[in-house]
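Colleague: Got a structure here, written out as structure tokens. Questions coming.
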Amino acid sequence: MSTPVIELRDVHRRYDGSSEGPPALRQVSLTVRPGEAVAVLGPSGSGKSTLLNLVAGLDRPDTGTVTVNGVRVDALGETASARYRRSQIGMVFQFFNLLDDLTVTDNVLLPAQLAGMARGKAGRRAAELLETLGIDRHAHAYPGRLSGGERQRVAVARALMNRPPLLLADEPTGALDTASGEDVSRLLADLNADGQTIVVVTHDLALAQSCTTRTIRLLDGRIVADQGTGDIEGSFAREGAR
Ligand code: ADP
């Protein structure tokens, strides 16, 4: 068996000052293998962002371990954690998080610059990504001139710049109209078809169904379902978790 991309073991996380109610995550164990596309669904407050932050090394569990590509992410210091995110993780957010005073190309180049990639190589990689993602005609535009769907494509290009083994997306269609959302879903599906491992946190069952094959559902900090995305509609609707 190949090394898992993500391995969570008995992860427990309770935020300071929240002694009432359930912890954000309780005794969560999860394995994601290379090439999987996994949706993390669940109502607001169920622990989805906490899970993503732990995998990204932006937060630490109280107990349990978080291993990504063989690296114990929960044990990294601040500098190593930042380096880990640059090299191992691409992140896509609901509101794109692009820098508005940089051109599209310069936004996409940013992770390469932070990682110290040679300029020529980085420029070629950025141009290739913009072309693959169908936004090369906007290479010299500023993000403010682009539609939401185009901005999200730029954000995906930036996330992929350093060829991360793992792409994390947090509500990537949450700020988009239906057509642009479908466009971004298709893009994620295409990336996964090319072998990219993806974890998408979403409320959006349609997004999960169009670009993932496995769905994990969280409720009150626990994994309450882990199944093929194609099998989920009935149980999801019955339990009224949307
Ligand atoms: P989701 O992403 O599914 O909406 P979260 O992971 O953001 O859920 O939150 C899980 C639980 O942890 C919620 O009860 C939330 O109120 C709590 N929580 C999240 N972040 C913090 C924080 N920084 N401080 C205190 N409590 C938090």
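The values are calculated or read from the model by the stated rules, or taken from the named source; none is laboratory data. If you're wondering where the values come from, they're calculated on a predicted model, not measured in any experiment. Ideal geometry is used to build each Cβ from the backbone, glycine not excepted, and the neighbour counts take in all protein chains shown. Side chains included, ligands, DNA and RNA excluded: accessible areas come from the protein's heavy atoms. Shrake-Rupley method; radii C 1.70, N 1.55, O 1.52, S 1.80 Å.
Colleague: Determine which single condition Thr67 fails, assuming it passes every other condition in (1) buried (at least 19 other Cβ atoms within 10 Å of the Cβ); (2) among the hydroxyl-bearing types (Ser, Thr, Tyr); (3) within 16 Å of the ligand (Cβ to nearest atom).
Modeller: With respect to (1) buried (at least 19 other Cβ atoms within 10 Å of the Cβ); (2) among the hydroxyl-bearing types (Ser, Thr, Tyr); (3) within 16 Å of the ligand (Cβ to nearest atom), Thr67 is out only on (3).
Colleague: Same structure again: Can you spot a residue in the range 113-120 that is among the polar types (S, T, N, Q) and in contact with a Pro (Cβ under 6 Å, 6 or more places away or on another chain)? Spell out the reasoning first.
Modeller: Our first condition is that a residue be among the polar types (S, T, N, Q); within the range 113-120, this holds for 113.
Within this subset, residues satisfying the condition of being in contact with a Pro (Cβ under 6 Å, 6 or more places away or on another chain) are none.
Scanning the range 113-120, I find no residue that is among the polar types (S, T, N, Q) and in contact with a Pro (Cβ under 6 Å, 6 or more places away or on another chain), so the answer is no.
Colleague: Say we look at the range 97-117 and pick out the residues that are over 22 Å from the mean Cα position of the chain (by Cα) and at pLDDT 95 or above; which of these is most open to solvent (accessible area, probe 1.4 Å)? Working first, answer last.
Modeller: Taking the range 97-117 as the starting set, the residues that turn out to be over 22 Å from the mean Cα position of the chain (by Cα) are 101-103, 116-117.
Add one more test, that the residue is at pLDDT 95 or above, and what stays is 101-103.
Values: Asp101: 120, Leu102: 47, Thr103: 23 Å².
Here the residue is Asp101.
Colleague: Right, Arg151: in contact with a His (Cβ under 8 Å, 6 or more places away or on another chain), under 19 Å from Ala175 (Cα atoms) and open to solvent by 60 Å² or more (accessible area, probe 1.4 Å) or not? If you could, list the steps in order and put the result at the bottom.
Modeller: Numbers: in contact with a His (Cβ under 8 Å, 6 or more places away or on another chain): no; under 19 Å from Ala175 (Cα atoms): yes; open to solvent by 60 Å² or more (accessible area, probe 1.4 Å): yes.
So Arg151 does not fit the description; no.
Colleague: If you don't mind, another one. Give me the residue from the range 1-48 that is of a type in the set (Asp, Glu) and within 13 Å of the ligand (Cβ to nearest atom) and, out of that set, modelled with the lowest pLDDT.
Modeller: Step one: of the range 1-48, the residues of a type in the set (Asp, Glu) are 7, 10, 16, 20, 36.
Within this subset, residues satisfying the condition of being within 13 Å of the ligand (Cβ to nearest atom) are 16, 20.
Numbers: Asp16: 80, Glu20: 74.
Once the filter is applied, the top-ranked residue is Glu20.
Colleague: Of the residues Gly174, Gly134, only one is modelled with pLDDT under 95, under 19 Å from the mean Cα position of the chain (by Cα) and either more than 24 Å from Leu25 (Cβ to Cβ) or within 16 Å of the ligand (Cβ to nearest atom) (or both); which? So that I can check it myself, show each step before the final result.
Modeller: Values: Gly134 fails: under 19 Å from the mean Cα position of the chain (by Cα).
Every option except Gly174 fails the conditions.
Colleague: Please state which one of Ser49, Ser44, Ser29 is more than 22 Å from Met161 (Cα to Cα) and crowded, with 17+ Cβ neighbours inside 10 Å.
Modeller: Numbers: Ser44 fails: crowded, with 17+ Cβ neighbours inside 10 Å; Ser29 fails: crowded, with 17+ Cβ neighbours inside 10 Å.
Of the residues listed, the single one that is more than 22 Å from Met161 (Cα to Cα) and crowded, with 17+ Cβ neighbours inside 10 Å is Ser49.
Colleague: Being farther than 30 Å from Glu7 by Cβ, open to solvent by 60 Å² or more (accessible area, probe 1.4 Å), without any contact (Cβ under 8 Å) to a residue 40 or more places away in the chain and acidic (Asp, Glu) is the requirement here; does Asp194 meet it? Walk me through how you get there before you give the answer.
Modeller: On the way: farther than 30 Å from Glu7 by Cβ: no; open to solvent by 60 Å² or more (accessible area, probe 1.4 Å): yes; without any contact (Cβ under 8 Å) to a residue 40 or more places away in the chain: yes; acidic (Asp, Glu): yes.
Judged against the criteria, Asp194 is not a match.
Colleague: Based on what the data block shows, is Gly57 open to solvent by less than 40 Å² (accessible area, probe 1.4 Å), in contact with a strand residue (DSSP E or B) (Cβ under 6 Å, 6 or more places away or on another chain) and either away from the ligand (no atom under 12 Å from the Cβ) or touching a residue at least 40 places away in the same chain (Cβ under 8 Å) (or both)? Break it down stepwise before answering.
Modeller: Numbers: open to solvent by less than 40 Å² (accessible area, probe 1.4 Å): yes; in contact with a strand residue (DSSP E or B) (Cβ under 6 Å, 6 or more places away or on another chain): no; either away from the ligand (no atom under 12 Å from the Cβ) or touching a residue at least 40 places away in the same chain (Cβ under 8 Å) (or both): yes.
Against the criterion (open to solvent by less than 40 Å² (accessible area, probe 1.4 Å), in contact with a strand residue (DSSP E or B) (Cβ under 6 Å, 6 or more places away or on another chain) and either away from the ligand (no atom under 12 Å from the Cβ) or touching a residue at least 40 places away in the same chain (Cβ under 8 Å) (or both)), Gly57 does not qualify.
Colleague: Would you confirm whether or not the range 72-88 contains a residue that is open to solvent by 70 Å² or more (accessible area, probe 1.4 Å), within 16 Å of the ligand (Cβ to nearest atom) and either β-branched (Val, Ile, Thr) or in contact with a helix residue (DSSP H, G or I) (Cβ under 7 Å, 6 or more places away or on another chain) (or both)?
Modeller: Within the range 72-88, none of the residues are open to solvent by 70 Å² or more (accessible area, probe 1.4 Å), within 16 Å of the ligand (Cβ to nearest atom) and either β-branched (Val, Ile, Thr) or in contact with a helix residue (DSSP H, G or I) (Cβ under 7 Å, 6 or more places away or on another chain) (or both).
Colleague: Within the range 201-211, does at least one residue satisfy the condition of being away from the ligand (no atom under 16 Å from the Cβ), in contact (Cβ under 8 Å) with a residue 12 or more places away in the chain and open to solvent by less than 40 Å² (accessible area, probe 1.4 Å)?
Modeller: Looking only at the range 201-211, we keep the residues that are away from the ligand (no atom under 16 Å from the Cβ), and these are 206, 209-211.
If we keep only those that are in contact (Cβ under 8 Å) with a residue 12 or more places away in the chain too, we end up with 206, 209-211.
Next, only the ones that are open to solvent by less than 40 Å² (accessible area, probe 1.4 Å) stay: 211.
Yes: the range 201-211 contains one or more residues that are away from the ligand (no atom under 16 Å from the Cβ), in contact (Cβ under 8 Å) with a residue 12 or more places away in the chain and open to solvent by less than 40 Å² (accessible area, probe 1.4 Å).
Colleague: Let me ask something additional. With (1) surrounded by 19 or more Cβ atoms within 10 Å (Cβ to Cβ); (2) at pLDDT below 95 as the list, and Glu182 as the residue in question, which single condition is left unmet?
Modeller: Only one criterion is unmet by Glu182, namely (1).
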